[in-house]
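Asker: Next up is a structure, given as structure tokens.
Every number here is computed from the coordinates shown, using simple stated rules; none is lab data. Predicted model only: the values in this text are computed from it and were never measured. When we count neighbours, we look across all protein chains shown, and the Cβ atoms used for this are built from the backbone with ideal geometry, even at glycine.
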Amino acid sequence: MSANPFPPGFTPKSDFLRVLGERGYIHQCSDFEGLDAAACAGTLTAYIGFDATASSYHVGNLLVMMMLRRLQQAGGKPIVVMGGGTTKVGDPSGKDETRRLLTDADIAANIESLSHVFAKLLTFGEGPSDARMIDNDAWLSRFGYVEFLRKFGPHFTINRMLSFDSVKLRLDREQPLSFLEFNYMLMQAVDFLELNRRFGCSLQMGGSDQWGNIINGVELIRRIDQKSAFALTAPLIATASGAKMGKTAAGAVWLNADLLKPYDYWQFWRNTEDADVGRFLKLYTDLPLDEIARLEALAGAEINEAKKVLATEATALIHGREAAETAAGAARAAFEQGQLSSDLPTVEIARESLAGMSNTALMVAAGFAVSNGDARRQIAGGAFRIDGVKVTDANAAVAVSGSQAELRKGNSRKRLVIV
RNA sequence: GGGGGAAUGUCCCGAGUGGCAAAGGGGGCGGACUGUAAAUCCGCUGGCGUACGCCUUCGUAGGUUCGAGUCCUACUUCCCCCA
């Protein structure tokens, strides 16, 4: 059981805080008592801001998305703020160098591609606890420079801004922090103020690296409107062996299906470390806690059953129940029955081009190697199999006679080749 | 304004006397062992070529040299001291 995230003597009365606490989402809160009272008093409206710097989110972003889902499940109203405006400036938190500036067109394209995942996790609409999505460019771009400075500048001191981790990290590493980025925290604070006024949004959530940014918003609301608002952050999730969540060989574990196939997404969860299964079930699935407790208690090789449940449930949330079952079935056929499954991710190669193709080229084509040299080294290390037969000669022609074959790299990465 | 230092393999940290594809970690990948896990041990970790090999890399741009990560000049960014 995870440690009690609440201060001594505090027991939440609201479903929202109780569930977040039980399932392990809570790292820090500006005022547990006040937030709990607000959650009990009526519909709690909370927001999380999301960057639009890439075309897909990855599992590292999933945690806070789940917090919005929990809020809605508890009767609250979630607001997704797309950072169309803030992305024009760039959040320095957690980055050790300045990102290249994105064009407005890039940002618009990213937002389009990013929005879909929220529809999977939240119910949108006009009802009291329906989710809303809003782009902060709507208000941030309206301000003139002098107007912005006069309105909000007096409420921030450089002394304090310099003390925030996002700034200190950059300074300590002797990396430049541009004035542009330095302004990011003001913009995020203004977001919170604006949402508080428009929708009565009184809570901002985020990752633990957002604490400083969120607190700035809480204080701005108190100073300008004399109202109370709250900050709540989630812990940084790492695996039991300390690796950051969501980084694998192939890069980030993307949530968009065009960047990472549901099958591979399922595999990601299937390969969870034993020690993380219970924690991840609580965070990344909707299964009830007693069911999770049962799964978590499985010992030895039986814990694999829990991992399959985790994989299927987590995949169903993002890619739908059907895709999750398909992925589970493909894995069952490929791993447990040793059969070819047409549901494995496939690589299609024309018969003519296969004729003279070397094993090296095939491995690159399958996405198992990033370069020919990499493929050669992998083959030398015995990493590559075709239909279970280890490939030994990197330069030999591919030995595939039928119309399809199973490619395998390492113990667990599989692809189907269709000729 | 003056003086002194720093920037290294585009994942991170970090050695580096003019001969360097560049020590060592971490991370990652692969092999063995397993349960598609962890731990442990071993191997790999710039690109192209079957290969003697070729190409591109040490903040940016020039220069000296047969040869430059290493020396010189200018620039960019950061740190420290003096004013």
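Asker: Just to confirm a number: summing +1 for Lys and Arg and -1 for Asp and Glu over residues other than A:Ser401 whose beta-carbon lies under 14 angstrom from that of A:Ser401, what do you get? Mind showing how you got there, number by number?
Answerer: Values: positive: A:Arg351; negative: A:Asp387, A:Glu406.
Charge balance in the 14 Å sphere: -1.
Asker: What is the dipole size for region A:1-147, taken about its Cα centre, with +1 at each Lys and Arg Cβ and -1 at each Asp and Glu Cβ, in debye to the nearest 20?
Answerer: The dipole magnitude comes to about 360 debye.
Asker: Additional query: Where in region A:26-62 does the amide nitrogen come within less than 14 Å of the point 7 Å from the Cα of A:Arg222, taken along Cα to Cβ?
Answerer: Answer for this model: A:29-35.
Asker: I've got another one for you. Relative to the compact-globule scaling 2.2 N^0.38 Å, provide the ratio for the alpha-carbon radius of gyration of region A:189-308.
Answerer: Region A:189-308 yields a ratio of 1.41.
Asker: For the pairs A:Lys282/A:Lys414; A:Lys13/A:Lys282; A:Lys13/A:Lys308, note any where the Cα-Cα span goes beyond 32 Å.
Answerer: Going by Cα-Cα distance, A:Lys13/A:Lys308 fall outside the 32 Å limit.
Asker: Further, regarding this structure: For a test of the definition: using alpha carbon positions, the gyration tensor, and the 1.5 limit on a/c, classify region A:266-319 as rounded, prolate or oblate.
Answerer: Details: a/c = 1.93, a/b = 1.22, b/c = 1.58.
Verdict is oblate for region A:266-319.
Asker: Do you know the relative contact order of chain A, to the nearest whole percent, from alpha carbon pairs under 8 angstrom that are 6+ apart? Present the calculation step by step, with values, prior to reporting the outcome.
Answerer: Working: 650 pairs, mean separation 58.7, N = 419.
Worked out over chain A, it gives 14 percent.
Asker: Give me the dipole magnitude in Debye, nearest 20, for region A:183-244 about the Cα centre, with unit charges on the beta carbon: positive for Lys and Arg, negative for Asp and Glu.
Answerer: 100 debye
Asker: Roughly what % antiparallel, to the nearest 5, for the DSSP beta bridges in chain A?
Answerer: Given both bridge residues lie in chain A, the antiparallel proportion sits at roughly 45 percent.
Asker: Another one. Within chain A, which DSSP H helices have Cα atoms that stretch 18 Å or more along the helix axis and a mean Kyte-Doolittle hydropathy of at least -0.5?
Answerer: Span-like helices in chain A: A:59-73, A:104-121, A:184-199, A:211-225, A:303-319.
Asker: Just from its helices, what would the mean residue ellipticity at 222 nm be for chain A, if runs of 4 or more DSSP H residues each count -39500 (n - 2.57) and the sum is divided by every residue, rounded to the nearest 500 deg cm²/dmol?
Answerer: -13000 deg cm²/dmol
Asker: When the dipole is taken about the Cα centre of region A:294-379, and only Lys, Arg (+1) and Asp, Glu (-1) are charged at their Cβ, what size is it in debye, to the nearest 20?
Answerer: It comes to approximately 240 debye.
Asker: While we're here: Given a 10 angstrom Cα cut-off, can you work out which residue in A:Gly388, A:Gly200, A:Gly21 is the most mobile in a GNM of chain A?
Answerer: Greatest mean-square fluctuation among the candidates belongs to A:Gly388.
Asker: When Lys and Arg each count +1 and Asp and Glu each count -1, what net charge do the other residues less than 14 Å away from A:Arg385, Cβ to Cβ, add up to?
Answerer: Summing Lys/Arg as +1 and Asp/Glu as -1 gives +3.
Asker: Could the peptides A:286-293, A:208-215 be put in order, highest first, of the mean number of other beta-carbon atoms found within 10 Å of their residues?
Answerer: So the peptides A:286-293, A:208-215, ranked by packing, come out A:208-215, A:286-293.
Asker: Please sort A:354-363, A:45-54 by packing, taking for each peptide the average over its residues of neighbouring beta carbons within 10 angstrom, highest first.
Answerer: Order by mean packing, descending: A:45-54, A:354-363.
Asker: Within a Cβ distance under 12 Å of A:Tyr57, other residues only, what is the Lys/Arg minus Asp/Glu net charge?
Answerer: Numbers: positive: A:Lys120; negative: A:Asp51.
Taking every other residue near A:Tyr57 into account, the sum is 0.
Asker: Given region A:181-220 reduced to its alpha-carbon atoms as identical point scatterers, what log10 I(q)/I(0) does the Debye formula return at q = 0.14, 0.18, 0.21 Å⁻¹?
Answerer: -0.26, -0.43, -0.58
Asker: Once each part is reduced to its C-alpha centroid, what is the distance from region A:1-69 to region A:268-342 in angstrom?
Answerer: So the separation of the two Cα centres works out to 25 Å.
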